[in-house]
1. On the basis of being part of a helix (DSSP H, G or I), open to solvent by 10 Å² or more (accessible area, probe 1.4 Å) and β-branched (Val, Ile, Thr), does Thr45 make the cut?
2. Return the only residue of Leu285, Leu305, Leu345, Leu318 being touching a residue at least 40 places away in the same chain (Cβ under 8 Å), under 22 Å from Arg223 (Cα atoms) and not basic (Lys, Arg).
3. Out of segment 126-151, which residues are assigned to a helix (DSSP H, G or I), out of contact with any Leu (no Cβ under 7 Å at 6 or more places or on another chain) and surrounded by fewer than 24 Cβ atoms within 10 Å (Cβ to Cβ)?
4. Here is a list: Gly268, Gly277, Gly337, Gly326. Which entry is out of contact with any Lys or Arg (no Cβ under 8 Å at 6 or more places or on another chain) and at pLDDT 85 or above?
5. Pairs, please: C-beta under 6 Å, at least 6 apart or cross-chain, first residue more than 19 Å from Phe27 (Cα to Cα) and in segment 165-188, second of a type in the set (Phe, Trp, Tyr)?
6. Given the conditions (1) closer than 22 Å to Leu381 by Cβ; (2) within 23 Å of the chain's Cα centre (by Cα); (3) open to solvent by 20 Å² or more (accessible area, probe 1.4 Å), which single one is not true for Ile321?
7. In the set Ile18, Ile82, Ile32, which member is surrounded by fewer than 17 Cβ atoms within 10 Å (Cβ to Cβ) and either modelled with pLDDT of 90 or more or among the basic types (Lys, Arg) (or both)?
8. Quick check, is Ala358 part of a helix (DSSP H, G or I) and either open to solvent by less than 30 Å² (accessible area, probe 1.4 Å) or without any contact (Cβ under 8 Å) to a residue 60 or more places away in the chain (or both)?
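The values are calculated or read from the model by the stated rules, or taken from the named source; none is laboratory data. Model, not experiment: these values are computed from the prediction. Cβ placement follows ideal geometry from the backbone for every residue including glycine, while neighbour counts extend to all protein chains displayed. The area values use the complete protein model at the heavy-atom level, side chains included, leaving out ligands, DNA and RNA. Shrake-Rupley method; radii C 1.70, N 1.55, O 1.52, S 1.80 Å.
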Amino acid sequence: MKNRWLIAASAVGIHISIGSVYAWSNFTNPLIEQFGWSTSQVQLTFSLAILFLGLSAAFLGHFVEKYGPRKAGLFAAICFGIGVMGAGVAVSAGSLPLLYIFYGVLGGIGLGVGYIAPVSTLVKWFPDRRGLATGLAIMGFGFAAAISSPIMEALITSVGLQNTFYILGASYFIIMILSSLYLEKPEEGWLPAGYDAKLKSGKVEPKTDLAQLTANEAVKTKRFYYLWLMLFINVTCGIAILSAAKPLAIESIGMTTIQAAALVGVLGLFNGAGRLGWASISDYLGRPHTYTTFFAIQIILFALLPFTTNALFFQIMLAVIYTCYGGGFACIPAYIGDIFGTKQLGAIHGYILTAWSAAGIAGPMFAAWMKDTTGSYESSLLFFAGLFAVALIISILIQVDIKRVRANQKEITAKGMQLVKNL
C-alpha cells in the first residue's frame, strides 16, 4: 500500500510545475525586446494557456476518471513539458503563432489535466482531512510563481531566452513524470490506519457524502450551479484585485512603483498560504460555512478598500483578500466531494473550473473598463463588494438545499425501516 503523504507530495510536485504559468510575466519584456512584439501579443500566450486550462479540465475530466491519475498525470507531463520546450523552438524560429500553439494551447492542455488529476485522487486518500489534502496540492500551484520567478530570471540572464524554455520544459517534464508514476487511487473502501477504530469507538463522527453522482448527474442539480457561481464570483473579484493591486497601491496610498511591486510579490505568499490555511480550517468549520465566511469578510474589505489611506491597514486588507482568493480554489475539490461524492470527482471538478476560465476574462477586463470609464479602480471595488453580497446569498442557498436533501434522505430511510418492521 502506498503512503498517502507521498501521494500528497507527488501532487505538490505536479502543481508546482504547472503553477509556474503564473510567472509568465518574466518572459514578457525579454520577448518584446528580442522580437519587437507588442505587450498584448505576448500576453495573449498566457491568456490562451489559462483558456485551455479551463477547456481541457472540463472536456478531459472524464479522461482522468477513465484512465486514472497516473496516466492522466503522464499525459499532462507530456503536454506541458513539450509545450514549454516548444516555446524554445518558437523563440528559435521567431514565430508568434508557434508560441501560441506550444505554450498557449499544448501547455494549457497540460495545465488543465495536471491540475485536476492529483486533486481528485487526494480526496480519496484523505477521507478524514479532505480540505488539508487538496489545500496542500493547490498551495503548490499558488506558491509556484514565487519559486519559479527567480529561477527564470537567473536562467534568462545566463543562458538566454531560448535555452531557458528548453531547461524549464525538460525540468518540469521530469518532475511531473516522477510525480505521476507514484499517483494511484486507494482500494475501494480504504481508510487510514486507526481511522476505522476511531469511527467505531465514536471518537470521530462519520462523514458521509450527500450523494454519489456522476458528472452528468451533478450538472442537473442546483448545487452544481451554486458552486459554479460562487467560484466564478470569488475568482472574478480576486483576479481583478490581483491585476489592479500595483496601480491601486500607488494611487490609493502613494506607494512608489518599487514598493508596490514588492507588495504584490509578498501578497502572492498570502495567496499560497490561504490555500492551505483555509482548506485546513474547512475540515473543522465545514465547507459551506467556510465559503459563507469568505464572502462575509470580503464584502467588508472590498467596501472599505476605496476609503483606506492608511498604508498598514491597506496592506493587511489586501493580504486577507489574497488568502480568501487562494482558499476559494483549495476548498472547491473537497466541497465537490462532500456534496457529489468521489465517484467522478475529477470530471465534476473539471466542469466547475470553467468558472475560472470565465472569471479570468471577466475580472481584469471589468476592472480595466471601470478604470478607463471612471478614472480610478475604486468604483470597481464597490461593485465587487456587491458581487460578494450575491455570493453570500448563494452560499446560504446551497446550505438550505443541502439540508433539504439530507432531510429527504432521512425521511426515505425512516420509511424504509418502518416498512421492514411492518413486514
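1. Criteria not met by Thr45.
2. Details: Leu285 fails: touching a residue at least 40 places away in the same chain (Cβ under 8 Å); Leu305 fails: under 22 Å from Arg223 (Cα atoms); Leu318 fails: under 22 Å from Arg223 (Cα atoms).
Result of the check over Leu285, Leu305, Leu345, Leu318: Leu345.
3. Residues of segment 126-151 that are assigned to a helix (DSSP H, G or I), as a first pass: 130-151.
Restricting the remaining residues to those that are out of contact with any Leu (no Cβ under 7 Å at 6 or more places or on another chain) gives 130-132, 138, 140-145, 147-151.
Those that are assigned to a helix (DSSP H, G or I), out of contact with any Leu (no Cβ under 7 Å at 6 or more places or on another chain) and surrounded by fewer than 24 Cβ atoms within 10 Å (Cβ to Cβ): Leu132, Phe143, Ala144, Ala145, Ile147, Ser148, Ser149, Pro150, Ile151.
4. Values: Gly268 fails: at pLDDT 85 or above; Gly337 fails: out of contact with any Lys or Arg (no Cβ under 8 Å at 6 or more places or on another chain); Gly326 fails: out of contact with any Lys or Arg (no Cβ under 8 Å at 6 or more places or on another chain).
Result of the check over Gly268, Gly277, Gly337, Gly326: Gly277.
5. Pro186/Trp125
6. Of (1) closer than 22 Å to Leu381 by Cβ; (2) within 23 Å of the chain's Cα centre (by Cα); (3) open to solvent by 20 Å² or more (accessible area, probe 1.4 Å), only one is false for Ile321: (3).
7. Working: Ile18 fails: surrounded by fewer than 17 Cβ atoms within 10 Å (Cβ to Cβ); Ile82 fails: surrounded by fewer than 17 Cβ atoms within 10 Å (Cβ to Cβ).
Result: Ile32 is the single residue among Ile18, Ile82, Ile32 that is surrounded by fewer than 17 Cβ atoms within 10 Å (Cβ to Cβ) and either modelled with pLDDT of 90 or more or among the basic types (Lys, Arg) (or both).
8. On the way: part of a helix (DSSP H, G or I): yes; either open to solvent by less than 30 Å² (accessible area, probe 1.4 Å) or without any contact (Cβ under 8 Å) to a residue 60 or more places away in the chain (or both): no.
It is false that Ala358 is part of a helix (DSSP H, G or I) and either open to solvent by less than 30 Å² (accessible area, probe 1.4 Å) or without any contact (Cβ under 8 Å) to a residue 60 or more places away in the chain (or both).
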